[in-house]
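The values are calculated or read from the model by the stated rules, or taken from the named source; none is laboratory data. Predicted, not measured: the structure shown is a model, and the values here were computed from it. Using ideal geometry, Cβ is built from the backbone for each residue, glycine included, and neighbour counts are taken over all protein chains shown. The protein model used for the area step is the full one, side chains on, heavy atoms only, and it has no ligands, DNA or RNA in it. Shrake-Rupley method; radii C 1.70, N 1.55, O 1.52, S 1.80 Å.
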Amino acid sequence: MLFNRERAERVMQRGGGPRSVAAVAQRLGLPGPFPRDASIALGTAEVTLLDLVAAYAPFANGGRRIAPFGVAEARAEGRPIAWLPPAPAPVITAEAAEAMRRMMGATVSRGTGRAAAVAGIAVAGKTGTTQDNRDAWFIGIAGGLVMGIWLGNDDATPMEGVAGGGLPARLFRDILETARGRAG
C-alpha cells in the first residue's frame with residue numbers, strides 16, 4: 001500500500017502538477033503563496049483557518065466560492081440598513097464539488113475523521129496534523145454548514161497525542177450535535 005504522501009503526490013501529478021494545484025487553490029479562495037514543487041500535495045502552504053474554511057465552502061454549496069465577512073452593524077442616517085454579502089461566484093462544477101464531498105464523506109465514514117460522525121447526518125470532512133504536531137485541525141461539512149476546528153499552542157510547541165482526526169473531529173461532532181439539539 002502506498003503512503004498517503006505518495007498518493008497525494010500521484011493525484012497532484014494527475015491533476016497537472018504543482019502549478020495547476022496552486023491555480024485551483026487560488027480559485028477556491030486560498031491566497032498563497034504556494035510551493036512550486038510536489039510538497040504542495042501535502043498542504044505545506046500556510047493558510048488561516050478562515051481562509052481554509054472558505055475554500056471548502058464550494059464543496060458544500062455546489063461549487064460556488066464565498067467571501068468570508070463580518071458585519072457588526074450597518075447604519076445610514078442613524079437607521080439600520082440591510083447589508084448583503086457578495087454573491088457566491090462559481091469556481092468549480094457542481095459535479096466536481098459533489099465528488100469532493102463524497103471523498104470527504106469517506107474520510108468520516110471509514111477514514112481518519114470517524115470521530116466527527118453524527119448519527120442521522122451526512123458529515124464530510126478533512127483531517128490535518130502537522131508533522132511535528134504543532135497544529136491539528138478538522139474541516140467538516142454537514143448540509144450547507146462548513147466548520148473548521150483548529151487546535152495548537154500559542155507558542156507553537158508540539159501537542160502530545162493531538163491529531164486532526166482526534167480532538168478536533170470530536171469537537172466538530174459535539175458542536176454539531178449541540179446545534180442540532182437546540183434546533184430540534
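Here are a few things to note about the model shown:
- Restricting the stretch 65-96 to residues that are over 22 Å from the mean Cα position of the chain (by Cα) and aliphatic (A, V, I, L, M), the residue that is farthest from Q26 (Cα to Cα): A76
- I92 meets all of the listed conditions (1) over 22 Å from I40 (Cβ atoms); (2) in contact (Cβ under 8 Å) with a residue 12 or more places away in the chain; (3) hydrophobic (A, V, I, L, M, F, W, C); (4) not in a helix (DSSP H, G or I) but one, namely (1).
- Pick from the stretch 105-135, criterion of a type outside the set (S, T, Y) and closer than 13 Å to L52 by Cβ, ranking: surrounded by the fewest Cβ atoms within 10 Å (Cβ to Cβ): G128
- Of everything in the stretch 1-30 that is among the aliphatic types (A, V, I, L, M) and farther than 17 Å from W137 by Cβ, the residue that is most open to solvent (accessible area, probe 1.4 Å) is M1.
- Criterion: at negative phi, free of Cβ contacts under 8 Å to residues at least 60 places away in the same chain, open to solvent by 50 Å² or more (accessible area, probe 1.4 Å) and part of a loop (DSSP other than H, G, I, E, B) - qualifying residue of A67, A87: A87
- Breaking point among (1) farther than 18 Å from W137 by Cβ; (2) aromatic (F, W, Y); (3) buried (at least 18 other Cβ atoms within 10 Å of the Cβ), for F59: (1)
- Qualifying positions in the stretch 31-54 - out of contact with any Phe, Trp or Tyr (no Cβ under 7 Å at 6 or more places or on another chain), among the aliphatic types (A, V, I, L, M) and surrounded by fewer than 18 Cβ atoms within 10 Å (Cβ to Cβ): A38, L42, V47, L50
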